[in-house]
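This report refers to the structure that appears directly beneath it.
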Number of protein chains: 2
Amino acid sequence: MTAGSTAPLDYVSLKKKFQPVLSKRVENRHLKSFWNPSKLPDGVIELAGGMPHEKFFPIEAIDLKISKTPFNENPKWHDSFTTAHLDLESPGELPIARSFQYAETRGLPPLLHFTKDMVARINRPAFSDKTDSNWDVILSGGSNDSMYKVFETLCDETTTVMIEEFTFTPAISNVEATGATVVPIKINLSVDRQSQGVDVNCLSELLENWSTGPYSHLNKPRVLYTIATGQNPTGMSVPQWKREKIYELAQRHDFLIVEDDPYGYLYFPPFDPENPLDNPYQSSSVTTERYLNEFLMKSFLTLDTDARVIRLETFSKIFAPGLRLSFIVANRFILEKVLELADITTRAPSGASQAIVYSTIRAMAESNMPSSLPLKELMFESWMQWIMQIASKYNHRKNVTLKALYETESYQAGQFSVMEPSAGMFIIIKINWANLGNPEDIPQQMDKLDEVLVKNGVKLVLGYKMAVSLEYSMQHSDFLRLTIAYAKDDNQLIEASKRIGNGIKDFFENYR
Amino acid sequence: MTAGSTAPLDYVSLKKKFQPVLSKRVENRHLKSFWNPSKLPDGVIELAGGMPHEKFFPIEAIDLKISKTPFNENPKWHDSFTTAHLDLESPGELPIARSFQYAETRGLPPLLHFTKDMVARINRPAFSDKTDSNWDVILSGGSNDSMYKVFETLCDETTTVMIEEFTFTPAISNVEATGATVVPIKINLSVDRQSQGVDVNCLSELLENWSTGPYSHLNKPRVLYTIATGQNPTGMSVPQWKREKIYELAQRHDFLIVEDDPYGYLYFPPFDPENPLDNPYQSSSVTTERYLNEFLMKSFLTLDTDARVIRLETFSKIFAPGLRLSFIVANRFILEKVLELADITTRAPSGASQAIVYSTIRAMAESNMPSSLPLKELMFESWMQWIMQIASKYNHRKNVTLKALYETESYQAGQFSVMEPSAGMFIIIKINWANLGNPEDIPQQMDKLDEVLVKNGVKLVLGYKMAVSLEYSMQHSDFLRLTIAYAKDDNQLIEASKRIGNGIKDFFENYR
C-alpha cells in the first residue's frame, strides 16, 4: 500500500495495493466449482445443480405480523402494525422458491442492493468511482462472522492488530484465532465528546516510535479494529476531528481500519440535566435527513480516499440478533477475498433471515403508500424511520437511567461518576475511590463490588474483564458497564439504578 | 489414538485419545468472555448482556403454512396442510423472544434435543455410554459450514485427508483451505450394490504400503472424508460389509471418518425393469420402523466403538437449503473443539431458520393429534413420515428417469450405460466409447458432448470436473451426472431423458 491518491482506484490498482496485506492462508482458498450456473439458451432443461425443487419444501407460505413502532402498545392496527406475505411465488423479487433455495454466497440480490444503496446514501466511500463499482457490500452471518472472515483474510502469525484498550473481548479471540497478536491502544474516558475515544496522541506516538516502544518485537500494525461509535463497553464515540487524525495516521503508517459499527444508528443527543427527559427524536422536526446528517457520526469510509477502511454493519441491534445477519463494506478486491472464504465455509447467510428482513422493510414501505416516492426510496425512508424510532427509545432509556442514577444518594455523595454515553446500548459508571491504595487491587475490589451489587439486586459487567491487557489498563479499569437494552421498561431501569446506588453505598460503608 | 476399546469412553479418555489429532490452530482458539450468563438469585435485575429487548424486534408474529405432502396439490386443507403460529411468547419452549435473540452457539435447546434424539434412535454411536453423555450434537450453518469447522479443527499443513476420487469438489477446497493435502481413493463404479463405492482392497493396499506408495512424501492420512450413501456425484452407497471393513482400516491405520450424509434418507429400493414405476414407499406396509431398519443404510457411527466418526447431517435436502441449517455428531471432546471455533466465528446458526424447522415439525406432530404417543415421540414419527414422503418422491423420479433413459434409441444402441443409483439426487450416465483412442482425450470429448447436449436442450454436469485428481481418475471420468431433484415434474424428467438420448446419439453420429 501507499498513502494518498487522487484518481479513483480501479480494480487493478486495488489489487496491486492490497495484495501484499493479505494473510498467507488466502493462497489456499480456491473454490473448486464443478459446474457454472451460467445462462443457458431458452428451453434447455437444467439437470445440473443439485437443488431440491421448491415444492419439496414443507413451507408453503409465511405471514409476518410487523410492528411499526418498537414496544408497540397501540391498539389501532392500521396505525401501528402491518403484514407481509411470502409464498413460493411472492414477493416476485424474493419469493420462498428463491430465499429457501441455495443462493448466492454474497446475499440475495434484493436485500444486497438495498444495503449497498443504504451505504451509498449514508456513508459513501471517499474512494468510490462514479458508478460505485470499486467498492461493494456482501451479506454475512452476524458481525462476529463478518469480523472473523475479515481477520482471517488479513491476519496471520506475523500480523499485529491494534484494538481499543477496552473492547468487546470476543473480537480479541477472533484476531488471535488467526495467530495474530493484539496490542491495546489508549482511549480517553471522558464525557467531553470532543476528547473521548481513541487517544490520538498516544496512538501517533506509539506508531512513530514503534521500533523503540514496548512492542518492538512485533511487526508494525496492519490493522486497527475500532468500535468508533457508541463503543462497547464505554458508550463513547470518536469525534470527527479524531477520525480525520486517525485516518491520517493510517495513511502515514499504512494500516487498515476495521470499523465495527453495530451501534452507530443509536446516537444520543447530549443529556440535558435541566430537562433530563428531553428527547429531540420525538420532535417532528427531526426528519430522516436531519437524523442522518446532523445526528449520526460519519463512517471512516467517508474519509477513505485510499480504500483502506472495512466497515461492519449488522441487523442485530436494529432488527433482531437471532437472524445472524450483517454486512461488510470494503473495496472490491478485499471484499472478493473475504467472499472467497465465505464460498468455501459458511456460504450465504440464512435465506429465511434475509427474506424476513427484506419483506419487513418492504412491508413497512408499502404501508406508507401511496407516496410520491418510488418503492425503493420509500423502503429506505421507511427503514430509517424505524431505526430512528429505535434510536429514540434508546435515547429515552439512557435519559431515564442517567436521571435515576444522578438521584441516588451514592451519586450525590460522590461515590461514583457516570460517563454519559454518546451512542449505543451501554453506560459506564466509574467508582470514585477515596483511597484505593494499590491500583492492582482493582480486580479484587471490583469483584467484591459485583458481589455486593448482586446482593443489592442488580447485575452489571465489570470493566476490567473487558480490557485487552489488564496490565496496560489497570488504572482505568475500575468501571461498571450497564446496558439499557434489555430492561423491560423505564421502571425496571429506574429500580436498577436505585439498586446500583444502594449497592455502591453498601460497598463503601460495609465492605471497604 | 489407539484402536479398540471395550469400556465406554469417558470425557477424560476421549481427551487423551483425540488431543493429538487436533490441528495446531486449535491452540489459538479461546473465547474471551467478559461476562458469564449464570443463574442469578431471584429478583436480580440483569443489565449485563447487551441484548435488545424482544419488543425492539419489528416482528411480532409469524404464521407458517405447512404442507404435509411434498408437491401438494390436495385441495382439502385439513388433509394436506397445517399451520404454525409463533409470537413473542409462543410456542412456550421456543418463542420469537428466544429464537430471534442472541442464543446458544450450539443451537436452541428444543431443536438441539430433537436432533440428538433422532440420532440416538436411528444411528446411536457404538461408543455411547448409557446416558448418551460422551457424544453430542451441535447445530451448524449448513453442511459446508459443518465440514469447514471440522476440517479446521483436525487439519493443518501437515495433514493428509483421503477423499473418494469423485466428490462434491467444494469439500476439497474446504480441506485445502486449512493447508492440508487431499489424496483420492478409488471407488468402484458398479450397479451391484454389494460392490459399489469405496474400493476397500485398494484402500487397504494404499494404507499398508503408504511409505512406498505414491504419497510417501505425505503423512499417513488423519481423516477419510466420505459421502457413503447416495454419493455425490455417483449416486452409489458403500454397502454394510465395506463399512465394516473401512472401519477396521480406520482402527488399524488410525484415521478418523468424516461421514457427510446429506442424502442418506433418500434411499432407493432397487429398480425393477419389469415394473419400472413400482415404488415400495407408496405401500402402507412401509412403516417408519421398516423404513429406518430395512431401507436406510446405517451410519458409521453404529460401528464406532472408538469414537472416531464425525457425522454431518443437514436440513438442506429434506427441508430447504436456504435455511443454512445442519448438525454435527461426534464424541464430546472433538465436538467441544468444533464448538469453540463456532463460538469465535459464526456463533449460532440463524434462529429464524431454527424456529421455522422446529415449529414445522411440531405443527406436523400436532396435526396428527390426538395420538397415543406423547408430543416428543409424535414429532419424531411425523418428521420421519415427511422424510419418507420426500424419499418416495425421489424414488419415483429416479424410476421415471431410468425408464425414460432406457427407452431411448441411444441407450438401446448401446451408446451409454446408466449407473442406477442406490440413494440421493443423482444418476450417472457412462458413455460407451467404441474406440476412444487415448483416455487423455476424455475431457475434450466430454466438453464436446456437453455442447451437443446443450444444443439438444439439456444441461448436465461432467464427471471429470468432479475428480479429486483428473490424472488419477482419467479413465473412469467419462460420465455425466444428472439430478432428479430440480425438475418441475415427471414430464420434464422424461423430456430431459429423451434429449439426453438424442444428444448422445447426435454426438456419436455427427461429432466423433
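Things to note:
- For the range B:353-406, a residue qualifies if it is charged (D, E, K, R) and in contact (Cβ under 8 Å) with a residue 60 or more places away in the chain, and the qualifying residues are B:362, B:366, B:376, B:381, B:393, B:397, B:398, B:403.
- Within this structure, residue A:158 fails the test of being assigned to a loop (DSSP other than H, G, I, E, B), within 11 Å of chain B (Cβ to nearest Cβ) and in contact (Cβ under 8 Å) with a residue 60 or more places away in the chain.
- Residue A:80 being more than 9 Å from every other protein chain (Cβ to nearest Cβ), open to solvent by less than 40 Å² (accessible area, probe 1.4 Å), out of contact with any helix residue (DSSP H, G or I) (no Cβ under 9 Å at 6 or more places or on another chain) and small (Gly, Ala, Ser): yes
- If you go through the range A:466-502 and keep only what is assigned to a helix (DSSP H, G or I) and away from chain B (no Cβ under 11 Å), you end up with A:470, A:471, A:472, A:473, A:474, A:475, A:476, A:490, A:501, A:502.
- A single entry from A:104, A:93 fulfils the requirement of being in contact (Cβ under 8 Å) with a residue 60 or more places away in the chain, part of a loop (DSSP other than H, G, I, E, B) and open to solvent by 20 Å² or more (accessible area, probe 1.4 Å): A:104.
- Scanning the range A:109-159 for residues that are among the polar types (S, T, N, Q) and either in contact with a helix residue (DSSP H, G or I) (Cβ under 9 Å, 6 or more places away or on another chain) or buried (at least 24 other Cβ atoms within 10 Å of the Cβ) (or both) gives A:123, A:128, A:133, A:134, A:140, A:143, A:144, A:146, A:153, A:158, A:159.
- The residues of the range B:169-227 that are over 30 Å from residue B:295 (Cα atoms), open to solvent by 10 Å² or more (accessible area, probe 1.4 Å), of a type in the set (Ser, Thr, Tyr) and part of a loop (DSSP other than H, G, I, E, B), listed by number, are B:215, B:216.
- Taking every residue in the range B:425-442 that is under 30 Å from residue A:56 (Cβ atoms) and modelled with pLDDT of 95 or more and pairing it with any residue that is among the acidic types (Asp, Glu) and open to solvent by 40 Å² or more (accessible area, probe 1.4 Å), at least 6 positions away or on another chain, the pairs with Cβ-Cβ distances below 9 Å are B:427/B:420.
- Among residues of the range A:477-488, those that are in contact (Cβ under 8 Å) with a residue 60 or more places away in the chain and over 24 Å from the mean Cα position of the chain (by Cα), counted: 0
- Selection status of residue B:15, outside the structural domain of residue B:345 (by TED's automatic domain parsing), assigned to a helix (DSSP H, G or I), touching a Phe, Trp or Tyr at 6+ places or on another chain (Cβ under 8 Å) and over 30 Å from residue A:355 (Cα atoms): yes
- Residues of the range B:457-476 that are within 18 Å of residue A:46 (Cα to Cα) and surrounded by fewer than 20 Cβ atoms within 10 Å (Cβ to Cβ): B:457 alone.
- Residue A:392 being polar (S, T, N, Q) and within 30 Å of residue A:33 (Cβ to Cβ): no
- The listed residue being touching a residue at least 12 places away in the same chain (Cβ under 8 Å) and among the small types (Gly, Ala, Ser), out of A:216, A:190, A:211: A:190
- Failed item in (1) under 13 Å from the mean Cα position of the chain (by Cα); (2) hydroxyl-bearing (Ser, Thr, Tyr); (3) part of a helix (DSSP H, G or I), with residue A:316 passing the rest: (3)
- Selection within the range B:34-69: residues that are more than 7 Å from every other protein chain (Cβ to nearest Cβ) and modelled with pLDDT under 90. The member of this set that is farthest from the chain's Cα centre (by Cα) is B:39.
- Helices (runs of 4 or more DSSP H) fully within the range B:346-448 counting 1 or more residues that are surrounded by 15 or more Cβ atoms within 10 Å (Cβ to Cβ) and assigned by TED's automatic domain parsing to the domain that holds residue B:487: B:375-406, B:409-412
- Going through (1) within 10 Å of another protein chain (Cβ to nearest Cβ); (2) farther than 19 Å from residue A:55 by Cβ one by one, residue B:317 falls short only on (2).
The values are calculated or read from the model by the stated rules, or taken from the named source; none is laboratory data. Source: prediction; values computed, not measured. Positions of Cβ are generated from backbone atoms using ideal geometry, with glycine treated the same way; all protein chains shown enter the neighbour counts. Each accessible area value is taken on the protein alone, full model and side chains, heavy atoms only, with ligands, DNA and RNA left out. Shrake-Rupley method; radii C 1.70, N 1.55, O 1.52, S 1.80 Å.
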